[in-house]
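Here is the structure we will look at.
The values are calculated or read from the model by the stated rules, or taken from the named source; none is laboratory data. All of these numbers come straight from a predicted model, not from anything done at the bench. Don't worry about glycine lacking a Cβ; one is built from the backbone with ideal geometry, like all the others, and counts go over all protein chains shown.
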Amino acid sequence: MNRAILNLGQQVMDNIHTYSLELLQETGISFPSEDALDMFKKHGFRVDNQIVFFTEDQIDNALATVPPVFSIKARNPKRDIVVGGDHHMMAPGYGPPFIIESTGEKRNALLEDVHNFCKLVQTSKWLDFNSSIIVQPNDVPTATAHLDILLATLTFTDKPIMGSTSSKAAAEDSLRLSEIVWGRTDEPVMISLVDSLSPLQYAAESVESLMIFAAAGQPVIVHSACTLGSTGPITIAGSLVVSNATTLAGICLAQLVRPESPVVYGLGGTPMEMRAGGYINATPEDAKHTAIASAMGRYYNMPSRSQGALTESFCLDYQAGMESAMMMTAAAVSGANVTLHACGTYGSMLAMSYEKFLADEDLIGAVKKLVSPIEFTEDAFAMDVIKRLGTSGSYLMEEQTALRCRSEFFTPELSIRTTHSKWKDMGPRDMTARAGNLLETRLQGYMKPDIDPALEKDLAAFVDRRKE
């Protein structure tokens, strides 16, 4: 299925690749990690201090070993996911340190919020896996917060998880926890995100995490992004070259560590707010980068990652709906395979909202329905029914209608579909208030997924030991 909304053309993609190679050969990428530099030197790459230079053959050899499709196991085998091809997998917000309440007040995120959002992920009809840092809890030590988050994800949900790349130790802890659940395995049981720094560099902890996960055969999203006019060129074309070159360098390192290591291609970019000088997202330029990332993923024959329901707003207003819908639709119809920040984020991804999380679930359901294939079977054409009813019949009481009425159409949880008179009498009319009611129902109805008590005890014991 071709979901491309932005046809770059072969020549444009060839140019992006060619100019990226020029940067990789002449300018290079900074890798401030001795382990990474040793790996590059071992394979004959030119290294000058922390700058690594890449030839076209070295990049081509790395790209040739990236698998186009791979699976990720969940604790519940029924929830395993496939990444690549026509599959589109979604996870909620990633990394916000704050919560925006329904009143508009901002507060620090807590471990209790991690638990609550894990419950929402588990009960979601639309989310496929959980984020590594669904929120950053402020009431536990930063150095060990990843342990609390991973433990919550593994026990409050049975969907696939993300490993932590906040430090080398966090990546190693992620693998040790996965071994408690699945044993030592080369099969993918988690996916992780490695963000580069712009322009043309990586942080040491990101590089070391990438190498740890790649060595273990665990998938990594390698993502690069510029702030247009600030950390990268002001033009989309220029930012694409900078980000693409950086992403290719990270992918190359993963393949040096372990050929055929699963990788997801990531690329983004959004303007600097020239009037105020700040970072913004959920712009048309941001959405275009999402579509281009999907196209470049196909160009390199590997899965791609996109942004999700982003907004600069801090409440469930028209701006939040417009920006989130633009971003999610761009991701869905352009063919993205993995979408992060699909639910719940406000204000440059710095805050999560329970109410927006639930509203975004409706958006996810709608865009998944939008891009789902239309059925063209003999039963769907319904020619016998059409001929029998002719010009005067009603289809309401037909068997086909009865059999399909609960599944044929998308039905939102929060959106209003009623008459004006009923709308005037209903309560509450405000979406934030309706989402609050639904939140209460969802959390009260949550049932913890089955887990062997001995397994849960072992996970908790490992976390306690590591904290000490």
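A count restricted to the stretch 310-323 and to residues that are under 14 Å from Ile100 (Cβ atoms) and of a type in the set (Gly, Ala, Ser) stands at 2.
Could you check the stretch 122-169 and list, in sequence order, the residues that are hydrophobic (A, V, I, L, M, F, W, C) and within 17 Å of Val181 (Cβ to Cβ)? Spell out the reasoning first.
Looking only at the stretch 122-169, we keep the residues that are hydrophobic (A, V, I, L, M, F, W, C), and these are 126-127, 129, 133-135, 140, 143, 145, 147, 149-152, 154, 156, 161-162, 169.
The answer is Phe129, Leu147, Ile149, Leu150, Leu151, Ala152, Leu154, Phe156, Ile161, Met162.
One line per residue, one yes/no per condition, for (1) surrounded by 24 or more Cβ atoms within 10 Å (Cβ to Cβ); (2) farther than 29 Å from Asp60 by Cβ; (3) touching a Lys or Arg at 6+ places or on another chain (Cβ under 9 Å):
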{"site": "Val264", "(1), (2), (3)": "yes, no, yes"}
{"site": "Met272", "(1), (2), (3)": "no, yes, no"}
{"site": "Ala276", "(1), (2), (3)": "no, yes, no"}
{"site": "Gln307", "(1), (2), (3)": "yes, no, no"}
{"site": "Asp317", "(1), (2), (3)": "no, yes, no"}
{"site": "Ala336", "(1), (2), (3)": "yes, no, yes"}
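Please work out if Leu310 is out of contact with any Phe, Trp or Tyr (no Cβ under 7 Å at 6 or more places or on another chain), of a type outside the set (Gly, Ala, Ser), under 22 Å from Tyr346 (Cα atoms) and at pLDDT 95 or above. Before you say what the answer is, go through the steps one by one.
Numbers: out of contact with any Phe, Trp or Tyr (no Cβ under 7 Å at 6 or more places or on another chain): yes; of a type outside the set (Gly, Ala, Ser): yes; under 22 Å from Tyr346 (Cα atoms): yes; at pLDDT 95 or above: yes.
Against the criterion (out of contact with any Phe, Trp or Tyr (no Cβ under 7 Å at 6 or more places or on another chain), of a type outside the set (Gly, Ala, Ser), under 22 Å from Tyr346 (Cα atoms) and at pLDDT 95 or above), Leu310 qualifies.
Restricting attention to the stretch 219-250, the residues being closer than 18 Å to Leu21 by Cα and assigned to a loop (DSSP other than H, G, I, E, B) number 1.
Residues in the stretch 200-209 include at least one that is over 21 Å from Ser306 (Cα atoms), out of contact with any Pro (no Cβ under 8 Å at 6 or more places or on another chain) and of a type outside the set (Gly, Ala, Ser). Return yes or no: is Met349 under 30 Å from Leu110 (Cα atoms), under 14 Å from the mean Cα position of the chain (by Cα) and in a helix (DSSP H, G or I)? Criteria not met by Met349.
Within this structure, Thr290 passes the test of being modelled with pLDDT under 95 and either out of contact with any Cys (no Cβ under 8 Å at 6 or more places or on another chain) or surrounded by fewer than 24 Cβ atoms within 10 Å (Cβ to Cβ) (or both).
Does Val66 satisfy the condition of being at pLDDT 95 or above, surrounded by 18 or more Cβ atoms within 10 Å (Cβ to Cβ) and closer than 30 Å to Arg184 by Cα? Yes: the conditions hold for Val66.
Here Ala342, Ala359, Ala282 are screened, and the one residue that is small (Gly, Ala, Ser) and in a helix (DSSP H, G or I) is Ala359. If you go through the stretch 144-169 and keep only what is surrounded by fewer than 24 Cβ atoms within 10 Å (Cβ to Cβ) and under 30 Å from Thr270 (Cα atoms), you end up with Ala145, Ser166, Ser167, Lys168. One residue stands out among those in the stretch 182-207 that are buried (at least 23 other Cβ atoms within 10 Å of the Cβ) and over 18 Å from the mean Cα position of the chain (by Cα): the one that is farthest from Ala170 (Cα to Cα), which is Tyr202. Tell me, please, whether a residue that is of a type in the set (Phe, Trp, Tyr), surrounded by 14 or more Cβ atoms within 10 Å (Cβ to Cβ) and under 19 Å from Ser348 (Cβ atoms) can be found in the stretch 126-142. No, the stretch 126-142 has no match at all. The helices (runs of 4 or more DSSP H) located wholly in the stretch 1-63 that include 2 or more residues which are polar (S, T, N, Q) and more than 16 Å from Val242 (Cβ to Cβ) occupy 10-26, 56-63. Sub-8 Å Cβ pairs linking a first residue in the stretch 374-392 that is free of Cβ contacts under 8 Å to residues at least 24 places away in the same chain to a second residue that is part of a helix (DSSP H, G or I) and not hydrophobic (A, V, I, L, M, F, W, C), at least 6 apart or interchain, are Asp379/Gln400; Ala382/Gln400; Val385/Gln400, ordered by first then second residue.
For the stretch 343-353, indicate whether the set of residues that are aromatic (Phe, Trp, Tyr), touching a residue at least 24 places away in the same chain (Cβ under 8 Å), closer than 30 Å to Arg434 by Cβ and buried (at least 23 other Cβ atoms within 10 Å of the Cβ) is non-empty.
Initial filter on the stretch 343-353 (aromatic (Phe, Trp, Tyr)): 346.
Next, from what is left, pick out any that are touching a residue at least 24 places away in the same chain (Cβ under 8 Å): 346.
Add one more test, that the residue is closer than 30 Å to Arg434 by Cβ, and what stays is 346.
Add one more test, that the residue is buried (at least 23 other Cβ atoms within 10 Å of the Cβ), and what stays is 346.
Within the stretch 343-353, one or more residues are aromatic (Phe, Trp, Tyr), touching a residue at least 24 places away in the same chain (Cβ under 8 Å), closer than 30 Å to Arg434 by Cβ and buried (at least 23 other Cβ atoms within 10 Å of the Cβ).
The one condition from (1) without any contact (Cβ under 8 Å) to a residue 60 or more places away in the chain; (2) of a type in the set (A, V, I, L, M); (3) surrounded by fewer than 24 Cβ atoms within 10 Å (Cβ to Cβ) that Val222 does not meet is (3).
Would you confirm whether any residue within the stretch 413-426 is under 21 Å from Asp317 (Cα atoms) and among the polar types (S, T, N, Q)? Yes, the stretch 413-426 contains at least one residue that is under 21 Å from Asp317 (Cα atoms) and among the polar types (S, T, N, Q).
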